[in-house]
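A short worksheet on the structure shown next.
The values are calculated or read from the model by the stated rules, or taken from the named source; none is laboratory data. Only a predicted model underlies this, so the values are computations on that prediction, with no experimental measurement involved. Reconstructed Cβ throughout: ideal geometry from the backbone, glycine too, with neighbour counts over all protein chains shown. Each accessible area value is taken on the protein alone, full model and side chains, heavy atoms only, with ligands, DNA and RNA left out. Shrake-Rupley method; radii C 1.70, N 1.55, O 1.52, S 1.80 Å.
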Amino acid sequence: MLRTSTRTDLVNFPTRDSSIRMKLKVVARKVYDYVRYDLKEIAFPSSLPDPPHIKKRRKLTWKERYLVLKEASRLYAASWVRDIGPELRPNEYKKNEDSEDKTSGVNGTTKDKEPSTLEDLAVAARGGMETLRPVLQRVYMTRASAYRDALRSFIEGYQEGIQQVMEKREDSSAQQEEDTPKKPS
């Protein structure tokens, strides 16, 4: 018996155009999802979530933000001055005033302390490469000498340990030779 084609039969069998449309829809959906989720994460990665014990801070108001920016810019501008005064480091100057009072009562003279390596580098960096090079060389030489001294002391200790082990081996081997009786021949 021959069947005649009906409209429902045509719908069940996909035509070439409909299969291409379906493939295009799938490809378009995948591209859309990639751009929407993956590309966004690649371009602007999200940070890891905070650990559970961290308490979230409240957001600052606009007035508080302005005050923070004002104070930060004041400190930044003041940091470009070579002599950092008591307005930036009030605690250090209080300590110095106390120590001056104690020393002036005894000797009447105060001793200037040397600037730290970090302060030296900061001042030299502002001066440019000509002033920075000697400071960096001095830092390198102090670090290198400390490393060299530590390496020497390690080598000396290592050699002493080897000598002690060798002496113990010699003593134990000599003692074993004495303990073993010689057979008369």
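Quick one: accessible surface of LEU24, probe radius 1.4 Å, all protein chains present, in square angstrom to the nearest 10.
In the full protein context, LEU24 sits at about 110 Å².
At 1.4 Å probe size, with no ligands or nucleic acids counted, give the accessible surface of MET22 in Å², nearest ten.
The value for MET22 is about 110 Å².
What's the FRET efficiency of ASP38 with ARG16 using the Cβ-Cβ distance as r and R₀ = 30 Å, to the nearest 0.05?
The computed FRET efficiency comes out at 0.40.
Taking θ = phi - 60°, what integer Hz values does the Karplus form 6.51 cos²θ - 1.76 cosθ + 1.60 yield along region 123-136, in sequence order, with x for Gly and Pro?
5, 5, 5, 5, x, x, 5, 5, 8, 6, 4, x, 5, 5
Once label points are set 7 Å from the Cα along Cα→Cβ at both TYR158 and THR61, what is their separation, rounded to one decimal in nm?
Label-label distance for TYR158 and THR61, simple model: 6.5 nm.
Any chance you could look up the accessible area of ILE54 with a 1.4 Å probe, heavy atoms only, rounded to 10 Å²?
80
Kindly write out, for region 17-32 in residue order, the coupling ³J(HN,Hα) from the Karplus curve 6.51 cos²θ - 1.76 cosθ + 1.60 (θ = phi - 60°), rounded to whole Hz, with x marking Gly and Pro.
Calculated HN-Hα couplings, in order: 5, 5, 5, 5, 4, 5, 5, 5, 4, 5, 5, 4, 5, 5, 5, 4 Hz.
Please list, in order along region 163-168, the HN-Hα scalar couplings obtained from phi with the Karplus expression 6.51 cos²θ - 1.76 cosθ + 1.60 (θ = phi - 60°), rounded to whole Hz, x for Gly and Pro.
Karplus values, whole Hz, x for Gly and Pro: 4, 5, 5, 5, 5, 5.
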